[in-house]
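Student: This is the structure, below, for whatever I ask next.
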Amino acid sequence: MQKYPQTNGFVYLIGAGPGDPGLITVRGRECIGRAEVILYDYLANEELLRHARQDAELIYAGKVGGAHNREQSQINDLLVQKALEGKIVARLKGGDPFVFGRGGEECEALVAHQIPFEIVPGVTAGIGAAAYAGIPLTHRDFTTSVAFVTGHEGHDKDVSTIDWERLSVGSGTIVFYMGIKNLPQITASLMAHGRPPETPVALIRWGTRPDQEVLTGTLADIAETARKTGFKAPAITVVGEVVTLRKKLRWFDNRPLFGRTILVTRAADQAGEFSRFLEAQGARVLECPTIRIAPPESFAGLDDAIARLADFHWLIFSSANAVGAFFSRLHALELDSRAIGPCKVCAVGPKTAELLQHHGIRADLIPDDYKGEGVVAAFAARNIRGQQILFPKGDRAREVIPAGLAQRGAEVTAPVAYRNLAPDAVPPSVLTALEERRVDCVTFTASSTASNLADLLGENRFLNLLEGVTVASIGPITSRTCRDLGLEVHIEPREYTLAALTADIVNYYRSRM
């Protein structure tokens, strides 16, 4: 056995859950964030690596279809090695470490080298996938017992150690892990030992994920059905009368956007909220930031306006970015919301107004129409002649607001508070999805998101990759930009908000179900 210097390392064996990254435990997420080294499996959702430290060493230790990236003994040795180097190590395993996860073997290796460890349980696939398929494993009208069984015993076993007779007639619900390859043998063994051929069966592939697949049948026909449809691993098999409840309790894979892949092109730090809206409706979301918010080239104009805030009658915020940029600069100058004084505030849209409330500011005016023309129209009933108006804006903002208010006699100061820059490239995963025609819908929440994506891809490639893709635009200005770029706009909500855009996307696809 290789010797390592003894130091103060520690290992967390973390259950990553069955696939949905939201099913990681709070403790599991905390431990991922502490780790200096993370060894992760094929079935551990890579989205969880977002919780890792930026300097963490990430090591893939998974396998696909029996093809090992690392043998179990190598994984054990690697855990020992990294821990004895004094590292905090996270072993991220799909499901639960102690349920067909070989976590016990890894712990034995750690104990042999006197390495301290902690087990962080996870939601095992048998429970999580069944729940997401709408199948309760126990139900008082059907069964009060459930058995979890491996469908793939070790290669060193010539004879099965599964007690098929007791399993067949003594268990209510049976959940097989990793049994797709051996499905014909499993079903035949159950029937041979007394389980009725008409017993309901469900196969659940990629359970809890947006690409979850469920195939149902009976013991007599499920193996042949799986063969004909090309149903593949990774999957679990649920055997029992509770499978019949799926028709009534199905909730996850019948949501209106389930099976749809939607591309979100918002700025990286703003995509999350929109993504959550879409994911709640069942969509698989790919985030492709096409905007990077950056400070202005010079703060001189904004700083000068802030220095004379007491002179202004109105302060207009046309976006969440404007709010963030303005208050960030205010704080940099060692000021706070009190600097606004008696100045009235106009917020374009409910989200902008909500962000202002976080700074203790309640908007005096929220236009009914959330674009520049709507702001000008909202001031039509007010006498603003001779009044001073401050409009901190983005570098690409249209001149509709300054020009329209100036025509009404106001003196408008419009310093650049932030810039909209394009990132360096489209993420490789997004590019691959576009090239493989796996994107159903692309969303644009500002004109710059559309024009920047076109610039990143190149005009011809942009149109080619989005051919046949549903285009969802947040409002008429953005739609105009999309059309100027050669796109057909299929979805545009009447209210220019993310919630309204989500609702219209749902209605669009629901009408096509």
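Student: Can you pull out the residues in the stretch 47-63 that are surrounded by 14 or more Cβ atoms within 10 Å (Cβ to Cβ) and either closer than 11 Å to A16 by Cα or not assigned by TED's automatic domain parsing to the domain that holds E85 (or both)?
Tutor: Residues satisfying the conditions are L48, L49.
Student: Inside the stretch 98-107, can you point out the residues that are touching a Lys or Arg at 6+ places or on another chain (Cβ under 9 Å) and either in a helix (DSSP H, G or I) or among the hydrophobic types (A, V, I, L, M, F, W, C) (or both)?
Tutor: Residues satisfying the conditions are G103, E106.
Student: Separate question: Which condition from (1) touching a residue at least 60 places away in the same chain (Cβ under 8 Å); (2) touching a Phe, Trp or Tyr at 6+ places or on another chain (Cβ under 9 Å); (3) closer than 20 Å to G17 by Cβ; (4) of a type outside the set (V, I, T) is the one that G172 breaks?
Tutor: (3)
Student: Mind checking which residues of the stretch 352-385 are in a helix (DSSP H, G or I), in contact (Cβ under 8 Å) with a residue 24 or more places away in the chain and touching an Asp or Glu at 6+ places or on another chain (Cβ under 9 Å)?
Tutor: G372, G374, V375, A378
Student: Right, here's the next one. Any idea which residue in the stretch 157-194 is surrounded by the fewest Cβ atoms within 10 Å (Cβ to Cβ), counting only those that are among the charged types (D, E, K, R) and assigned to a loop (DSSP other than H, G, I, E, B)?
Tutor: If we take residues in the stretch 157-194 being among the charged types (D, E, K, R) and assigned to a loop (DSSP other than H, G, I, E, B), then D158 is surrounded by the fewest Cβ atoms within 10 Å (Cβ to Cβ).
Student: If you don't mind, another one. Would you be able to say whether some residue in the stretch 437-446 is closer than 18 Å to C343 by Cα, in contact with a strand residue (DSSP E or B) (Cβ under 6 Å, 6 or more places away or on another chain) and either among the aliphatic types (A, V, I, L, M) or free of Cβ contacts under 8 Å to residues at least 40 places away in the same chain (or both)?
Tutor: no
Student: Scan F258, F274, F326 and give me the residue that is in a loop (DSSP other than H, G, I, E, B) and either assigned by TED's automatic domain parsing to the domain that holds E47 or among the aromatic types (F, W, Y) (or both).
Tutor: From the options F258, F274, F326, the qualifying one is F258.
Student: Looking at the structure I just gave you, is P197 of a type outside the set (A, V, I, L, M), closer than 23 Å to G134 by Cα and not in a helix (DSSP H, G or I)?
Tutor: Answer is yes for this residue.
Student: Sticking with this one: Would you mind stating whether E467 is assigned to a loop (DSSP other than H, G, I, E, B), surrounded by fewer than 18 Cβ atoms within 10 Å (Cβ to Cβ) and in contact (Cβ under 8 Å) with a residue 24 or more places away in the chain?
Tutor: Spelling it out, it is not the case that E467 is assigned to a loop (DSSP other than H, G, I, E, B), surrounded by fewer than 18 Cβ atoms within 10 Å (Cβ to Cβ) and in contact (Cβ under 8 Å) with a residue 24 or more places away in the chain.
The values are calculated or read from the model by the stated rules, or taken from the named source; none is laboratory data. Quantities reported herein were computed from a predicted structural model and do not represent experimental measurements. Neighbour counts run over all protein chains shown; Cβ positions are idealised from the backbone, glycine included.
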